Amino acid sequence: MRLTRRRLIAAGGLTAAAAALPAAAAPPVRVRIRKFAFDPKTVSIKAGERVEWVNEDIAPHTATEDNHLWDTGELERNGSATLTFDTPGTYAYFCAFHPKMKAQVIVTA
């Protein structure tokens, strides 16, 4: 069984509401979590685009913004979360369970 989690969050120019997106929206950029690392470590997107985190690891993980502006919540094995980034900026994040796991999302206008 595949567990898929979609979080609804609104904070700091960030929303996560995939169901509200128009049908023509581009697919999200995927970040795979495996071997206790985010892959890729850096993703670059335009404002309004989405990032999906998929946990392919044996342990639960999170993607938590450094200043706690957003968080995917706990992602169990095969779990996923998708967030939409509306505000340009560089968003560094880490895994709350494994703080040495770090990556970033770069959002341009």
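Residue by residue through the range 33-46, which ³J(HN,Hα) values in whole Hz follow from phi under the Karplus form 6.51 cos²θ - 1.76 cosθ + 1.60 (θ = phi - 60°), with glycine and proline marked x?
Result, rounded to whole Hz: 10, 7, 6, 6, 8, 8, 9, x, 6, 10, 10, 10, 9, 9.
For SER44, enumerate residues with amide H under 5 Å from its amide H, sequence gap 5+ or separate chain, H modeled in the peptide plane.
ILE106
Go through the range 57-109 and name the trypsin sites (Lys or Arg not before Pro) that are in a DSSP coil and have 16 or fewer other Cβ atoms within 10 Å of their Cβ. Write down the numbers at each step before the final one.
Details: sites: ARG77, LYS100, LYS102; in loops: ARG77, LYS100.
Answer by residue number: ARG77, LYS100.
What distance in nm separates the simple spin-label points at ASP66 and ALA47, each placed 7 Å from Cα in the Cβ direction?
Each label point lies 7 Å from its Cα, and together they span 2.1 nm.
Going highest first, how would you order 26-37, 63-74 by mean Cβ packing within 10 Å? Spell out each step's value before the answer.
Working: 26-37: 15.8, 63-74: 17.3.
Per-residue Cβ counts within 10 Å, averaged per peptide and sorted highest first, yield 63-74, 26-37.
Please list, in chain and number order, the residues 5+ apart from ALA63 or on another chain whose amide H is under 5 Å from its amide H, with Hs placed from the backbone.
Here THR72, GLY73 satisfy the definition.
Take each of the peptides 40-50, 88-98, average the number of other beta-carbon atoms within 10 Å over its residues, and list them starting from the highest. Intermediate results must be reported in sequence, preceding the final value.
On the way: 40-50: 15.0, 88-98: 17.3.
Highest-to-lowest ranking by the protection proxy: 88-98, 40-50.
We did not get these values from a lab; they are worked out from the coordinates using the rules stated. Quick caveat, the model's predicted, so the values are computed rather than measured. Note that each Cβ is placed from the backbone with ideal geometry, even for glycine, and that neighbours are counted across all protein chains shown.
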